[in-house]
Amino acid sequence: MARPRATRTRPNERDRVILVVFGTTGELIKLAPVLLRLDERGHEYFLSTTGQQVQQIPSFLEQFGLRQPDLWLARGSDGRDLRTNRDIPGWLGRVTRSFIRGRTQLRRVLESGPGRPLVLVHGDTMTTVLGAAMGRALRVPVAHIEAGLRSFHLRHPFPEELNRRTASRLARIHYAPGPWAASNLRSGQVVDTGSNTIRDSLALVEGEGPLPEGVPEAFGVVSLHRFELLSSRQALRASIEALAEAARRTPLLFVDHPVTIAALERFRLQHLFDGSSFKRVPRLPFFDFIRLERQSLFVVTDSGGSQEECFYLDRPCLVHRVRTERHEGLGENAVLSGMSTDVLRAFLASPDRHRRTSVLSETSPSDVILDDLERRSIAVGPQPTPTPSLSSRSPNSTGQSNPRA
């Protein structure tokens, strides 16, 4: 069910124009509470997407009660999410060409406010770097939300560690999700938000909803989609076999990310799922997935975002990666596998012993960000109308698909 759209108060006359650039649902989920607060406090912004994960963006925006993008720089690969490395060059070329063609008009939009504008990016994706580079090309200061996370190893996770370091060099304002992340930043203006904005996103999901059809009362959730696992047939097969064995004790729901589907097909591993105790399920909209996580017994994931969700939800979590740049939950509810199948099996044998012990602060990280933006008078003036060259149509308006999965 979609959230009601926020009621906007009158924009501040001192506001400046913010260009928000995002490309994935992960970025959007953590940006959503910041965007909602901009709406609620009467500040406008110009919403731009690279369409890196194009299929779910419209439905996620609708679920959060946010408007559709003002500018689509690209629409994934032929209207679907990027699935393999072969999809990247074409998508990257479309984003670059769209930006070059619309740069003059976009600069006019950004300069329509009374003061110097700002570009706002999030996280560690290819879009994070692209958005920060756009800000530099437009000679606009860049602010980076979720800045300062580090694994201190360029290959793990790759390319996220490289993306974060690059974004830190391009950004001027760094919103770090805690003191450890803030301590890793050596230049620019660093603001410690205390925790991650995913806390505020989770707070938007009310109650426990009905489970999808065919889901058992007791179950675990598996969400694996990272390159370091999916690029290795041996590692992926060993992991899937360990999960299939554990599913005989506790049913497992395996989330079908597009990149994961492609890897399972490429390595011919589909037969390891039995369709009942070890069952593949489609991706769900954010609110539905969080309700599923809340009702699960445990989560196995290679997603840093899911690691954070499980920390705040207090769900036992196995982080199936060599390294993680996130500290949330480690030594409490979360276990880092180091990509060891033995560690994965040990967790699956007794997940209940892993629980959160930290006491959470009551401070909202999104409020910290908005308060800082307002102190700087860097928000947005009256909403500029996009020019014809800056497409404001959603994928559905061109006949492309928009599955809610």
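The values are calculated or read from the model by the stated rules, or taken from the named source; none is laboratory data. Source: prediction; values computed, not measured. Methodologically, a virtual Cβ is constructed for each residue, glycine included, from the backbone with ideal geometry; neighbour enumeration extends over all protein chains shown. All accessible areas refer to the heavy atoms of the entire protein, side chains included, with ligands and DNA or RNA removed. Shrake-Rupley method; radii C 1.70, N 1.55, O 1.52, S 1.80 Å.
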(request) Quick one: which residues, 5+ away or cross-chain, put their amide H under 5 Å from the amide H of R283? H built at 1.01 Å from N. (result) D256
(request) Quick one: pull the percent of accessible area on the chain belonging to carbon and sulfur, 1.4 Å probe, ligands and nucleic acids left out. (result) 49
(message) What do you get for the angle between helix 87-110 and the principal long axis of the chain? Use alpha-carbon atoms, 0 to 90 degrees, nearest ten.
(response) 30
(message) I'd like the accessible area for S232: 1.4 Å probe, protein heavy atoms, all chains in place, Å² to the nearest 10.
(response) 40
(request) Give the angle, between 0 and 90 degrees and rounded to the nearest 10, that separates the Cα long axis of helix 365-376 from the longest principal axis of the Cα atoms of the chain. (result) 20
(message) Calculate the FRET efficiency for Q234 and R165 from the Cβ-Cβ distance with a Förster distance of 35 Å, rounded to the nearest 0.05.
(response) 0.75
(request) Could you go through the range 196-212 in sequence order and give the Karplus-derived ³J(HN,Hα) for each residue, using 6.51 cos²θ - 1.76 cosθ + 1.60 with θ = phi - 60°, rounded to whole Hz, and x for Gly and Pro? (result) 8, 5, 4, 4, 6, 5, 5, 5, 6, 8, 8, x, 10, x, x, 6, x
(request) Enter the angle in degrees (range 0 to 90, nearest 10) between the Cα long axis of helix 160-170 and the first principal axis of the Cα atoms of the chain, meaning the one along which they spread out most. (result) 20
(message) Suppose we keep just the alpha-carbon trace of the range 76-131; what are its Rg and Dmax in angstrom?
(response) 14.0, 43
(message) Within the range 40-58, name every residue whose backbone N is under 13 Å away from a label modeled 7 Å from Cα of A137 along the Cβ vector.
(response) 50
(request) Determine the sum of side-chain charges near R294: Lys and Arg each +1, Asp and Glu each -1, restricted to other residues whose C-beta is under 13 angstrom from that of R294. (result) -4
(request) Starting from the Cα-Cα distance between E241 and R280, subtract it from 0.36 nm times their residue separation and give me the gain in nm to one decimal. (result) 12.6 nm
(message) Just to be sure I understand, if you calculate volume of the Cα convex hull per residue in Å³ for this structure, which of (i) 176; (ii) 141; (iii) 132 do you get?
(response) (iii)
(request) Using only protein heavy atoms and a 1.4 Å probe, report how much of E332 is accessible, in Å² to the nearest 10. (result) 40
(message) Please list, by residue number, every one of the trypsin sites (Lys or Arg not before Pro) in the range 185-261 that is coil in DSSP and has at most 12 other beta-carbon atoms within 10 Å.
(response) R186, R248, R249
(message) Given points 7 Å out from each Cα along the Cα-Cβ axis, report the I100 to H327 separation in nanometres with one decimal.
(response) 4.4
(message) Just to check I understand the Karplus step: with θ = phi - 60° and J = 6.51 cos²θ - 1.76 cosθ + 1.60, what whole-Hz values come out for the range 138-151, glycine and proline as x?
(response) 8, 6, 10, x, 10, 10, 10, 8, 6, 7, x, 5, 9, 9
(request) Please name which of M339, T49, S303 has its Cα lying farthest along the dipole of the chain towards the positive end, using unit charges on Cβ (Lys, Arg +1; Asp, Glu -1) and the Cα centre as origin. (result) T49
(request) Keeping all protein chains in place, calculate the accessible area per residue for the range 202-358 (probe 1.4 angstrom), answer in Å². (result) 41
(request) Pairs of Cα atoms under 8 Å, at least six residues apart: use those to get the relative contact order of the chain, whole percent. (result) 21
(message) Rounded to the nearest 20 debye, what is the charge dipole size of the chain about its Cα centre when +1 sits on each Lys and Arg Cβ and -1 on each Asp and Glu Cβ?
(response) 1440
(message) Explain nothing, just compute: Karplus ³J(HN,Hα) = 6.51 cos²θ - 1.76 cosθ + 1.60, θ = phi - 60°, for every residue of the range 236-253 in order, whole Hz, x for Gly and Pro.
(response) 5, 5, 4, 5, 5, 5, 5, 5, 4, 5, 5, 5, 5, 8, 10, x, 10, 9
(message) Given Cβ point charges of +1 (Lys, Arg) and -1 (Asp, Glu) and nothing else, what value in debye, to the nearest 20, does the dipole of the range 244-362 about its Cα centre take?
(response) 340
